[in-house]
Amino acid sequence: MIRINEVKLPLDHSEVALHDFVINKLSINKDQLVDIHIFKRGYDARKKNDIYLIYTLDVTLKDVDEEQLLTTFANDHHVKASPDTSYKYVAQAPENITERPIVIGMGPCGLFTGLILAQMGFKPIILERGKSVHERAKDTFRFWRTRELNTESNVQFGEGGAGTFSDGKLYSQVKDPRFLGLKVKQEFVAAGAPAEIIYLSKPHIGTYKLVTMVEKMRRKIIELGGEIRFETRVEDINIDDNSQVTGVTLSTGEVIPSKHVALAIGHSARDTFKMLHDKGVHLEAQSFSVGFRIEHKQETIDAARFGKNAGHPLLGAADYKLVHHCKNGRSVYSFCMCPGGVVVAATSELESVVTNGMSQYSRSERNANSAIVVGISPEDFANDPMQGIALQRKLERNAYILGGSSYDAPAQCVGDFLAGKTVSQMGDVEPSYKPNVKFTDLSTSLPDYAIEAIREALPAFNKKIKGFSNADSMLTGVETRTSSPVQIKRGKDFQSINTKGLYPAGEGAGYAGGILSAGIDGIKVAEAIALDMLNA
């Protein structure tokens, strides 16, 4: 099979045009072209009124000497042999194995750690402090309606992790020579995701589809011999005098023995971070970001990004990615952009307000939203991981008070924020946050350097996205859970650098940033555990 990269065709090209391109590129007869498989499709919208689709194609040929063809194109980096993208398991559990690995957490990372271990025959035990995804969804929507927060079952905690209540993006900056990201997508498709996520350059799934997919993946793990326990909080990691993990102790007092524990706890398990810190597991402070959610009418973003092509079915709702380096040395950037979505209440702690973005597969809501955040470095909180958590909590509790101490979120129109004044009414952009918002002065919701940086960045972003800093655009605070404030350091064997048998994994441990990268990290950790168990 032959791979052709960077195939550029007009947005409204015909299927015949794709075939003609391949035939002309390879100088073959049309009868020699058997099949074209789209490996990847994206778009080039740098000229919004002249948008092109960009393909990577895998081509099946007949009556062609492929070795000779590749020799002919040896100096053309656009034509190569198609690589082997199939996933290969690194191990298979022997029938007489008695130890069962433990996976703590069932977000995307824990889900794939458990799934891959189960597929290799190691029968993992997965412990999730929250509820099953269906029950968790009920608790989450109830909080948005009634302000009744379940601190163990919410946007952050429960089966599926924080990514379940998001846009369901499936792309990352991870270099992936083994095509582990493809394995993640294939498992999602097998669980009911649209097949297009395999080849789109910016695939997404949406919350409702993720809920049913996670349930199907859970059933697969159980069918393969895995065990899953919900509403099961790990109280302690048991470590012997040789710094070897021996198992875990649950909040019920039950002890589960194992010398292999994957720690996929997510970025909001603050009580677990403290427990690990108190036990001497090596943690380090890590940079994170804080800021607001900004909302525009989706049509504003579509027009700015796609011009006359706005609304084209192959383009969908427009997104953006922005960054600005400020005079005060800070950087402001967009994060977790949700086209056609809503801003959601994402706290996991009482008397706190945290925002996040969510959208469904259709991306059909009236507003686009994104986090606009400022980088915070360990030097800002004394290089102490526990102080990073304390800073997040301080900002979240301050936002709760600014919102009226009722889980309403503090909000302000962009024009008023830039002018430094408070107006108790909204403009043309209606905020989507539930339960509700309270208009207030957001300048007291973040550190002064962050407010200064965001006020500088918004007009700069307007030069890239026309209408971005329109006076009626809506800011809702605060966004604080962009990433984990701690990193649980691990070595090349994926084990904690000072605690053997403990495998820090995913976003909470500082090794991922989103659904896809968390899933990839989960696969890597599962492989490391399997190989170590075989060699024990």
A471 to R393: FRET efficiency via 1/(1 + (r/R0)^6), r the Cβ-Cβ distance, R0 35 Å, to the nearest 0.05?
-> 0.60
By average Cβ neighbour count within 10 Å, what is the ranking of 431-444, 172-185, 369-382 from highest down?
-> 369-382, 431-444, 172-185
Taking N as its residue count, the alpha carbon Rg of segment 197-301 over 2.2 N^0.38 Å = 1.52
Of the peptides 413-426, 513-526, how do they stack up when ordered by the mean number of other Cβ atoms within 10 Å, highest first?
-> 513-526, 413-426
Subtracting the Cα-Cα distance from 0.36 nm times the residue separation, let me have the gained length for K274 to H312 in nm, one decimal.
-> 8.8 nm
Taking every pair of alpha-carbon atoms in segment 2-81, give the share separated by more than 15 Å as a whole percent.
-> 56
Which of the lysines could be linked to K169 by a straight reach, that is with a Cα gap under 18 Å, when you skip same-chain ones fewer than 8 residues away?
-> K40, K183, K185, K202, K209, K321
Would you mind telling me the share, in percent, of accessible area of segment 2-81 contributed by carbon and sulfur at probe 1.4 angstrom?
-> 46
Efficiency by 1/(1 + (r/R0)^6): what FRET value for K202 and V34, r their Cβ-Cβ distance, R0 = 22 Å, to the nearest 0.05?
-> 0.15
When ligands, DNA and RNA are left out and all protein chains stay put, how many square angstrom of accessible area per residue does segment 79-155 have with a 1.4 Å probe?
-> 39
Full extension between N49 and Y87 adds, at 0.36 nm per residue less the Cα distance, a length in nm of 9.7 nm
What are the extents of the Cα atoms of segment 430-520 along their three principal axes, listed from largest to smallest and rounded to whole Å?
-> 54, 31, 26
Contour minus Cα-Cα span, N238 to Y449, at 0.36 nm per residue, comes to 71.8 nm
How high is the relative contact order of segment 165-205, in percent, with contacts defined as C-alpha pairs under 8 Å that are six or more residues apart?
-> 57
Between F73 and E254, take the C-beta separation as r, use R0 = 56 Å, and let me know the FRET efficiency to the nearest 0.05.
-> 0.35
Report, in deg cm²/dmol and to the nearest 500, the calculated mean residue ellipticity at 222 nm for the chain, where each DSSP H run with n ≥ 4 adds -39500 (n - 2.57) and the sum is divided by the residue count.
-> -9000 deg cm²/dmol
With every protein chain in place, segment 287-479: carbon and sulfur % of accessible area (1.4 Å) = 49
Rounded to the nearest Å, what's the spacing between the alpha carbon centres of segment 190-241 and segment 34-104? Just the number, please.
-> 25
Return the loop-located trypsin sites (Lys or Arg not before Pro) in segment 39-96 (DSSP other than H, G, I, E, B) with at most 16 other Cβ atoms within 10 Å of their own Cβ; answer none if there are none.
-> R46, K47, K48, K62, K88
Keeping all protein chains in place, calculate the accessible area per residue for segment 287-479 (probe 1.4 angstrom), answer in Å².
-> 38
Residues in segment 248-270 that a label on N535 would reach, taking backbone N under 18 Å of a point 7 Å out along Cα→Cβ | 259-262
Protection-proxy order for peptides 394-405, 232-243, each taking the mean of Cβ atoms within 10 Å per residue, highest first | 394-405, 232-243
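The values are calculated or read from the model by the stated rules, or taken from the named source; none is laboratory data. Bear in mind that the values here come from a model prediction, so they are computed numbers and not experimental data. Positions of Cβ are generated from backbone atoms using ideal geometry, with glycine treated the same way; all protein chains shown enter the neighbour counts. Note: areas computed on protein heavy atoms with side chains; ligands, DNA, RNA excluded. Shrake-Rupley method; radii C 1.70, N 1.55, O 1.52, S 1.80 Å.
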